[in-house]
Structures are given as structure tokens and as C-alpha cells.
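The values are calculated or read from the model by the stated rules, or taken from the named source; none is laboratory data. Computed from a predicted structure; not experimentally measured. All Cβ positions, even for glycine, are placed from backbone atoms using ideal geometry, and neighbour counts span all protein chains on display. Areas reflect the complete protein model, heavy atoms only, side chains present, ligands, DNA and RNA absent. Shrake-Rupley method; radii C 1.70, N 1.55, O 1.52, S 1.80 Å.
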Amino acid sequence: MKMDLRAYYRDHKKLVGLGALAVIALLSAGWVIRGRSDDPNYLTAEVQRGGITSVVQATGTINPLTTVPVGSYVSGTVQYVFADFNSRVEAGQVLAQLDPEVYQAQVVQARGNLDNAIANEKNLEATIGAQEAGIKNNEANLERLKAADVYSRANSRRIIDLAGQGVFSKDQADQAQSGVDQSQAQVRAAEAQLNQSVAQLAETRAQVDQAKAQIKTMQGAQALAEANLRYCTILSPIDGTVVSKNVTVGQSVAASLQAPIVFSIAQDLTRMQVAAATDESDTGNIKIGTEATFQVDAFPSETFTGRVSAIRLNATTIQNVVTYSTIITFDNPDGKLLPGETVYATIPTGDVSDTVKIPNAALRFTPSFPNNVLRQLYEQNQIPAAATTSHIGGWRVIWKPEAGGKLRPVAVRTGITDYTFTQLIAGEVKSGDLLATGEQSGGNESGNGASSTPKFGAPR
């Protein structure tokens, strides 16, 4: 056997040599290919031309346009409940009844107090009449006493003159003078009695005014008691649908500091609104009147439309994130959408047509070069600082593959985005160009790859 091999080698020595060289060449090529496989291969995406619609995506809840909370103004025990969830009610319809026994007693007491005040006022009015008659009597008595005093003084002067002539005695003259003094004292007493009667009349009239004020107070107390009695009957203030009921029969309702909410009534469920929480950075781009679309979990395959009606000014801050409520009103004629449902809203903020579209993955991609290499490439290609740091003015950096597997950075100015493509405003890029979106080294992919779109309604 060994002799056969030796003989074959002698006869085919050149052929064996060529075969050995071929094996060595194949092994060398394999090692070269294996060594080069560690160099990165870049994933690319094509620049396109077309339209872009920029949108703001936000989540929110469905609410009726008008929801009226119905409270209880008075405290008491619920005696009857006449409405339940989803009940259609009309304005003035009885929703519930509290036990009115305590308030009925208060009304009876208030009416009795009012009657007593009215009777007291009438009694004082009668007293005024009697006092006025007494004043007139005292005035007449005073006039009579004044007339008697005049006669007494005249008679006294005559007696004194005649006593000087010896006609009357000295005692008779003294008696005459005493009569004058007595008549004058009676006049002064009558004047004092008249003044006292006038003062009593004024006091009684003041008491009458006080009694009238007391009547008004009692009337107010009666009106309050009657109002509290009426409040025991809880009525619907509007036409609508009961969306919340917080009481049951036998439950105690305590209206101490504020009225407890016993029912919530939605006025119209055929016209509703979405309160979508939008980021503060997006509110400047949202315009009132813009048509918006939204979806709900109850109907995942359907898209509903509405219109932006307001951006409420009451900001909400949660973990340093500031959001505003953007209100989207919509029609709900068949009542498919219910209050409280979670909404995933999409609000258009801009639209362009026939523009160059850069894949967003290309804007997010940065090759894994050392920082000093990146800075050198930026300087060589005159990339502005805003394109690599703050992106002020919409400046960004994209990477274009070149011959030999190299990449060249290009500064571009961007406009609106739909989260898949971004509008090109300025830059050395045209439709059909390939841009790097990721890199592949040793069979492993890195970078952003193809563009990805956030889940509907999710934050960017």
C-alpha cells in the first residue's frame, strides 16, 4: 500500500503540489474573511418624497359636556329614593326624600313665633290709641286748670285790694293768695302729667317699631324653616341621565360644612367631550377648531372624530411633568361611548405635501466612534454645534454611507414629523439617498434599525 502511494506521488507530483496550494489559499481566504467580519456593516433606509402630517398623541377620559352634582342642603335620614343609575330624569323630578319630621316641627314653631309677634304688635298699637286719648284728656285738664288759675289770680287781687280798704280781713286776703298758689301748682302738675303721657306714647311707638322688626325676624325664621322642609325633597335641577348615585334608603346624610353629593346628573349624553392631557411643549401647536381622532378600548377597531374646542388654563404637574387639558367635543348620537372611558387621542398639528422625508431612525443614529473621532468628523464637515447638542432651529445630524464603508455626517434642518418620517427643510439630502440607521458587527445588529412608531396613544 505504501509503495502504491509513493508510486502515485512520483507519477502525479505536480498535481499534488497544485492541490496543496489550493487548500492553503482557501484557508488563507477564510482567515481574511473572518478577520474582516468584525468590521461594521451599516443598516440603511431610503430618503423618500411625500406628505407628512404632524400629530400630538395624548390620553384622556370621556365626560359629558355638563354634569351637575346634586347635593343635600339639610341633614337627615334618607326615607325614599326614586332614581337609580342610568335613570332618565326631568327638571323638578323628585330624586329622593329625607325624613321631614324634624323640619315640620321647626315650621310649626316658626309659625307660632310669628303669630305671637303679630299679636304683640297689635297690642302695642292699641296701647298707642289709649295713650293718645289720655294725652288729649290731660291737655283738656291742663287748659281747665290754667283758666282756673287766671280766675284765682284775678279774684285774689280784688280781695287783697278790698282788704286794704278794710272790706275784707287779712285772713281772707291770705286765703285768696293761697288759692292762687294752689291753682298754679295744679297747672304745673297737669303739665308734668301731660309730658309724661307724651313720653309714654313715644316709648310705646318705639316698642311698636321693635315689634314690627320682630315680625320680620319671625317671618325670616318661618321662611328658613319652610325652605329647610322643602330641601328634604331632593329634586333634579336639569333634564338628564343619572350617572352617579351615592345614597340608599336609611342612610344618614350630614350636611355640616358642605352639601354632600347624593346624585350626579349628565345633561346630554349625545354631546360629549374628551379631556386629553397634552404636554406643555405641544400646546403651542394645537389650534382651536382642529379636527381630532381618537380610539377607545371598548371599540378598538373604530376611530371616532371630534373637534378641539378649548385648551384649559389649569395646568397639572405630576413628577415635574406639566400637562394641560385639551378639550375635544364630539357627537355621540347612539350613546356608544360612555362617560369615564379612556381615550387615545391623535391631534393634528401640521401638514405638508410633496416634501423630502428623512426616516426618523436616521436622525436617531450615531455611529459608535470614539468622541475625538466624532468631533474631528464634525469639524471636517462643518457641522454646526446646534445640530449635535441643542437642536435649536431644527438642526440635526444624519450619516451618509460612502465608498469603502465610511460614513460622512451631514447637517440637516428639519420640520414637522409624524414619528416615522421628518420633513427636510435644508441640507445636502435628496429623495432616494441612503442614510445609515444602525450598524451590524459580527452578526449582531445595533442602532435604531428601521423606523419605529410609538403605540397609538402612547407618549412619544
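Summing Lys, Arg as +1 and Asp, Glu as -1, what charge do residues with Cβ under 15 Å from the Cβ of SER169 carry, SER169 excluded?
Overall, the nearby charge balance is -1.
Could you pull out which residues in segment 390-406 have an amide N less than 15 Å from a spot 7 Å beyond the Cα of PHE369, following the Cα-Cβ vector?
Of the residues in segment 390-406, 397-406 have backbone N under 15 Å from the label point off PHE369.
Work through the residues other than LEU363 whose Cβ is under 12 Å from its Cβ and net out their charges, Lys, Arg +1 and Asp, Glu -1.
Around LEU363, the surrounding residues sum to +4.
Determine the per residue accessible area of segment 84-240 with all protein chains present and a 1.4 angstrom probe, expressed in square angstrom. Numbers along the way, then the final one.
Working: 9800 Å² over 157 residues.
Result: 62 Å² of accessible area for each residue.
5 Å is the cut-off here: which amide hydrogens, built 1.01 Å from N in the peptide plane, fall below it relative to THR59, excluding neighbours closer than 5 in sequence?
ALA277, ALA345
Just need the relative contact order of the chain here, percent rounded to a whole number, with Cα pairs under 8 Å and 6+ apart.
In percent, rounded to a whole number, it is 27.
So for the pair ALA259, GLU226, with labels modelled 7 Å out along Cα→Cβ, what separation do we get in nm?
Placing both labels 7 Å beyond Cα along the Cβ direction yields 2.0 nm.
Per residue, how large is the accessible surface of segment 306-376? Use a 1.4 angstrom probe and give square angstrom.
Per residue, segment 306-376 has 53 Å² of solvent-accessible surface.
Nearest 20 debye, what's the magnitude of the dipole of the chain about its Cα centre given +1 on Lys and Arg Cβ and -1 on Asp and Glu Cβ?
Computed charge dipole of the chain: roughly 2180 debye.
Given (1) 35, 26, 21; (2) 114, 31, 19; (3) 48, 34, 22 as candidate values of semi-axes √(5λ) of the Cα gyration tensor in Å, which corresponds to the one derived from the coordinates?
Derived directly from the coordinates: (2).
I'd like the Karplus ³J(HN,Hα) series for segment 72-88: coefficients 6.51, -1.76, 1.60, θ = phi - 60°, whole numbers in Hz, and an x wherever there's a Gly or Pro.
Calculated HN-Hα couplings, in order: 9, 6, 10, 8, x, 9, 5, 9, 9, 10, 10, 9, 9, 4, 6, 6, 7 Hz.
Around VAL322, with a cut-off of 15 angstrom between Cβ atoms, what is the net charge of the other residues, counting Lys and Arg +1 and Asp and Glu -1?
For residues surrounding VAL322, the net value is -2.
Mind checking the full-extension length gain between ARG111 and THR349? Use 0.36 nm per residue of separation minus the Cα-Cα distance, one decimal, nm.
Extra length from ARG111 to THR349 when fully extended: 79.0 nm.
Measuring from a point 7 Å past the Cα of ILE118 along Cα-to-C-beta, which residues in segment 202-246 have an amide N at less than 12 Å?
It comes to 215-216, 219, nothing else.
Ignoring ligands, DNA and RNA, what percent of the accessible area of segment 153-276 is carbon or sulfur (1.4 Å)? All intermediate terms of the calculation are to be shown ahead of the outcome.
Working: 3600 of 7200 Å².
It is 50 percent, rounded to a whole number.
Can you pull the percent of segment 81-149's accessible area that's carbon plus sulfur, 1.4 Å probe, other chains left in place?
The computed percentage sits at 49.
Between THR233 and ARG312, what is the spin-label point distance in nm, taking each point 7 Å from the Cα along the Cα→C-beta axis?
3.5 nm
Which residues' amide hydrogens lie under 5 Å from the amide hydrogen of LEU235, considering only partners 5 or more residues apart or on another chain, with H built in the peptide plane?
For LEU235, whose amide H was placed from the backbone, the distant partners under 5 Å are LEU95.
With unit charges on the beta carbon (Lys/Arg positive, Asp/Glu negative), name the residue among LEU114, THR422, THR67 whose Cα is farthest towards the positive pole of the charge dipole of the chain.
Positive-most Cα among the choices belongs to THR422.
How many angstrom lie between the C-alpha centres of segment 215-276 and segment 372-437?
64 Å
Karplus couplings for segment 428-439 from phi (6.51 cos²θ - 1.76 cosθ + 1.60, θ = phi - 60°), rounded to Hz, Gly and Pro as x?
7, 9, 9, 4, x, 5, 9, 10, 6, 10, x, 9
I need the shape label for segment 313-360. Rule: rounded when a/c is under 1.5, else prolate if a/b > b/c, else oblate, with a, b, c from the alpha carbon gyration tensor. Please list the in-between numbers first.
Numbers: a/c = 2.64, a/b = 1.29, b/c = 2.05.
Oblate.
Search the structure for amide H atoms under 5 Å from the amide H of ALA292, placed 1.01 Å from N in the peptide plane, and list their residues when 5 or more places away or on another chain.
The list, which skips near neighbours in sequence, is GLY306, ARG307, VAL308.
Determine, from the Cβ-Cβ distance of GLN219 and ILE288 and an R0 of 60 Å, the FRET efficiency 1/(1 + (r/R0)^6), rounded to the nearest 0.05. Walk me through the numbers before you get to the answer.
Working: r = 52 Å, r/R0 = 0.86.
Here the calculated transfer efficiency is 0.70.
HN-Hα J couplings of segment 353-367 from phi, Karplus 6.51/-1.76/1.60, θ = phi - 60°, integer Hz, Gly and Pro as x?
Once rounded to whole Hz, the list reads 10, 6, 10, 6, 10, 9, x, 4, 4, 5, 6, 8, 7, 9, x.
Between ALA189 and VAL167, what is 0.36 nm times their sequence separation minus the Cα-Cα distance? Round to one decimal in nm.
4.5 nm
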